[in-house]
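These notes concern the structure reproduced below.
The values are calculated or read from the model by the stated rules, or taken from the named source; none is laboratory data. This structure is a prediction, so every number in the text was calculated from the model and none was measured. Note that we place each Cβ from the backbone using ideal geometry, even for glycine, and neighbour counts take in every protein chain shown. Each accessible area value is taken on the protein alone, full model and side chains, heavy atoms only, with ligands, DNA and RNA left out. Shrake-Rupley method; radii C 1.70, N 1.55, O 1.52, S 1.80 Å.
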Amino acid sequence: MRLQKFLSRAGVASRRRAERLIEVGRVRVNGEVVSQLGATVDASRDVVEVDGRRVQPAPPVWIALHKPRGYVTTRHDPQGRPTVYDLLPPEFAGLFYIGRLDRDTEGLLLLTNHGDLAHRLMHPRYQIPRVYEALLAGQITPPEIEHLLAGVPLEDGIARAEQLERLPAPGGMDRIRLTIREGRKREVRRMLATLGHRVRRLLRRSYGPVRLGRLRRGTWRRLTPAEVAALLRAARA
């Protein structure tokens, strides 16, 4: 297979990042530096190294994490805040997250060692649905709901909810469930802010075919074979 695909599947980096590692001469195959992106390797015979360390093919890992509020979606935070990787065993430190959640947003976060598939599942081209539940400080009106479904202008383009429904909520507040397919930075919060609504709580219920279900806050589980197969179909892989 292509060298960059091998590196991605081994969990070294996303395919794009692997291409950069190759281009700057940090990858060796059988002791020789390879800087051409068209190079191929045989995983059963060739010895591949990155920065002098051998890369071994890794079995696929797919997990679901229920991210709590207060955790940032990054491996290392310069401000010293807790990260989602603090909730995982050390052997999962190299996994790629799929669809960042901001510090104040809770819910489903998927992680995998397949960097290229992680990139596909986040790319707007594949239109992977994400379902969120938002608790609002006030009441949302039917015209505002129609506005969200039709599309609201943000600084990076029009954003729209594909589906939206109201849910039971405490007095004086509203709770809505909405589906989006792009996953831009803080997209749901920004969409609601254009209508003057402050989000008190935001929870991601599902990402593509995978649901949060009853997974407890701060805990994780491995995806089932059926969930992984459904994700691969969604990414057309």
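Before moving on, here are some points about what is shown:
- Within the option set PRO78, PRO89, being over 19 Å from ALA13 (Cα atoms) and open to solvent by less than 60 Å² (accessible area, probe 1.4 Å) holds for one residue only, PRO89.
- Within the option set GLY52, GLY25, GLY38, being modelled with pLDDT under 90 and over 21 Å from ARG217 (Cα atoms) holds for one residue only, GLY38.
- Enumeration of residues in region 130-155 that are in a loop (DSSP other than H, G, I, E, B) and open to solvent by less than 80 Å² (accessible area, probe 1.4 Å): ALA137, GLY138, ILE140, THR141, GLY151
- Summed over region 47-59, residues that are surrounded by 13 or more Cβ atoms within 10 Å (Cβ to Cβ) and outside any strand (DSSP E or B) total 2.
- Selection within region 179-229 - in contact (Cβ under 8 Å) with a residue 60 or more places away in the chain and hydroxyl-bearing (Ser, Thr, Tyr): SER206, TYR207, THR219
- Scanning region 26-38 for residues that are more than 29 Å from the chain's Cα centre (by Cα) and either of a type in the set (Gly, Ala, Ser) or within 20 Å of PHE96 (Cα to Cα) (or both), we see that the one that is surrounded by the most Cβ atoms within 10 Å (Cβ to Cβ) is SER35.
- Counted residues, region 103-126 - those being touching a Ser or Thr at 6+ places or on another chain (Cβ under 9 Å), open to solvent by 30 Å² or more (accessible area, probe 1.4 Å) and in a loop (DSSP other than H, G, I, E, B): 1
- Condition met for LEU65 (hydrophobic (A, V, I, L, M, F, W, C) and buried (at least 20 other Cβ atoms within 10 Å of the Cβ)): yes
- Among (1) among the charged types (D, E, K, R); (2) loosely packed, with under 15 Cβ neighbours inside 10 Å; (3) in contact with an Asp or Glu (Cβ under 9 Å, 6 or more places away or on another chain) - the single one ARG177 does not satisfy: (2)
- Condition broken by GLY172, with the remaining ones in (1) among the small types (Gly, Ala, Ser); (2) open to solvent by 30 Å² or more (accessible area, probe 1.4 Å); (3) touching a residue at least 40 places away in the same chain (Cβ under 8 Å) satisfied: (3)
- Within region 133-158, the set of residues being in contact with a Lys or Arg (Cβ under 7 Å, 6 or more places away or on another chain) and under 25 Å from SER14 (Cβ atoms) comprises ASP156 only.
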